[in-house]
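This report concerns only the one structure given below.
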Amino acid sequence: MKLTPIPSQSHEAIYRVEEADCGLLGIIAIHSTQLGPAAGGLRMRPYSDFDAALEDVQRLSAGMTYKNAAAGLPLGGGKAVILGDPATQKSPELLRAFGRAIESLNGRYVTAEDMGMSPADMATLAEVTRSVAGLPEGEFASGDPSPITARGIFNAITTAHEIRHGSRHLAGRRVSLQGLGHVGWYLASFLHEAGAQLIVTDVDAARVAAAVAEFGATAVGLDEIYGVEADIFAPCAIGAILNATTIPQLKVSIVAGGANNQLATPADAEALAARGILYAPDFVANGGGIINVATEILEIRDRAGFVAEKLAALDDTMRRILTEAARQGVSPDRVAIATVDQMLQAPHAAE
Ligand code: NAD
C-alpha cells in the first residue's frame, strides 16, 4: 500500500492511496483536526477520473468540519473515497489495504460508512485499523443514525416555526416532504405525531403508498413537491434541490430538512432569504446523524444522555443562527458558516 501526500492550500493533508495488487486507488482528505480527529465517511463510487474524485473528497471533507463543529463535537472534518464500482470492484483485500492506510495516520482520520459501504465493510476495515465507526456490533456500535437525524430535523422545524410564527405547535401545519427513506420516514412519523399534515413524494411508489396509509399523507408527483401550498418544505432525499428553478416555485415560509447539500450554490441561500423563506442550514439541521456516530468514535458509555445533550445544544445553535440571521438581515446559511469559522478561530481550538 502506497500513501502519497498531495499538496493542498485548503486542507491540512490529502493522501493518494494505492495498491496495485488489489486494484485500490483512493484518497483520504483531512480538512481540519483543530477540534479533534478528522471524522467523516468513506465513499466508493465510479468517478469519471482522479480529479473528479479529488474535488468531491475535498468538498465533502470541508463540509464535515462544518457539520461536526456545528454539532458541538470534539471532532474535525475529513472524508475518504475509493474510485470504483462497489458492486464489482470491492473486495476484502481492497478494504484491508485502505484500512492500513487509515491506520498509518495514527488516529488523525476516523472513517465511517458512506455511499457504497456497509456496516460489514466497516467490520473488514476494523480488522486492520482502530479508526473506524459504524460497526455492525460491539460495545460502542451506534447502529442506524436515521432516527436521531430525524429527531434533530424535527427540532429544527419546530424552532424555525417558533422563530417565524411565534409558536412551537405544528398541529394542523402543512409539511411537504421530499424523500421517504430512512430519515424521511422517521421524520414523517414525528411530524404526524405532532399533528402536522403531510404532503409527500418519493421515486419509490411503495413508500409513498405506505405514507398515505400510515400517516394520511397526500401524495404528489416528483416535480410537484416544490410548488405545493404548505407551511414547511422538508427536503430529505438528494442534494442541490434548492436552485434557480425550484426556489421561485416554493409556496412555503420555512425550508428545513435532512438532505445534505440542499443548496445548488451559496447564492441560493440569498435567493431564499430574498423571497422571505426561512432556511434552516442543512449541515446544522441534520447534525443528529454525526452525533449518533460520535458516540461510537468517542466511546461514550451513556449514549442516550450524550445524544440528548448534544441534540439540545444543536437546537440552541440553530436558534442562535436563525435569530442572528433575522437580526442582521442575511441568510442563515451565511451566519451558520460564520459561526463555525469563529469556533475554528477561537484560541482553545488549536490546543
Ligand atoms: P435513503 O436512501 O434511505 O432515502 C432517500 C429517499 O429519497 C429514498 O426513499 C429515495 O427513493 C428517495 N428519493 C431519491 N431521489 C428522489 C427524488 N428525486 N425525489 C423524491 N425522492 C427521491 O437516504 P437517507 O439515509 O434517508 O438520507 C436522506 C438524505 O439525508 C441524504 O441526502 C443523506 O445524505 C442525508 N443524511 C442522512 C443521514 C442519516 O442519518 N441517514 C444523516 C445526515 C444526512
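The values are calculated or read from the model by the stated rules, or taken from the named source; none is laboratory data. What you see is a predicted model, and the numbers here were worked out from it, not measured in a lab. Note that we place each Cβ from the backbone using ideal geometry, even for glycine, and neighbour counts take in every protein chain shown. Side chains are part of the model used for accessible areas, which takes the heavy atoms of the whole protein and leaves out ligands, DNA and RNA. Shrake-Rupley method; radii C 1.70, N 1.55, O 1.52, S 1.80 Å.
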- Message: Give me the helices (runs of 4 or more DSSP H) completely within segment 253-351, filtered to those with at least 3 residues that are free of Cβ contacts under 8 Å to residues at least 12 places away in the same chain, ordered by residue number.
- Response: 303-328, 332-345
- Task: Consider K79 carefully, then state whether it is crowded, with 19+ Cβ neighbours inside 10 Å, without any contact (Cβ under 8 Å) to a residue 60 or more places away in the chain and within 20 Å of G134 (Cα to Cα).
- Result: yes
- Of A285, A312, the only residue that is open to solvent by 40 Å² or more (accessible area, probe 1.4 Å) and over 19 Å from P37 (Cα atoms) is A312
- Query: Can you tell me which residues in segment 17-30 are assigned to a strand (DSSP E or B) and over 13 Å from S104 (Cα atoms)?
  - Reply: E18, E19, L24, L25, G26, I27, A29, I30
- Message: Consider segment 164-195. How many of its residues are away from the ligand (no atom under 16 Å from the Cβ) and open to solvent by 60 Å² or more (accessible area, probe 1.4 Å)?
- Response: 10
- Can you tell me which residues in segment 36-49 are in contact (Cβ under 8 Å) with a residue 24 or more places away in the chain and open to solvent by 40 Å² or more (accessible area, probe 1.4 Å)? P37, R45, P46
- Task: Among the residues of segment 141-163, write down those that are open to solvent by 40 Å² or more (accessible area, probe 1.4 Å) and either away from the ligand (no atom under 16 Å from the Cβ) or closer than 21 Å to V228 by Cα (or both).
- Result: E162, I163
- Message: Considering only segment 108-130, I want to know if a residue exists there that is out of contact with any His (no Cβ under 9 Å at 6 or more places or on another chain), under 21 Å from P7 (Cβ atoms), open to solvent by 40 Å² or more (accessible area, probe 1.4 Å) and not hydroxyl-bearing (S, T, Y).
- Response: yes
- Taking segment 231-242 on its own, how many of its residues are away from the ligand (no atom under 13 Å from the Cβ) and either surrounded by 23 or more Cβ atoms within 10 Å (Cβ to Cβ) or of a type in the set (S, T, N, Q) (or both)? 1
- Test each condition in (1) open to solvent by less than 30 Å² (accessible area, probe 1.4 Å); (2) within 10 Å of the ligand (Cβ to nearest atom) for F215 and report the one that comes out false. (2)
- Note on the structure: Filtering segment 256-276 down to residues that are more than 8 Å from the ligand (Cβ to nearest atom) and open to solvent by 10 Å² or more (accessible area, probe 1.4 Å) yields L263, A264, T265, P266, A267, D268, E270, A271, A273, A274, R275, G276
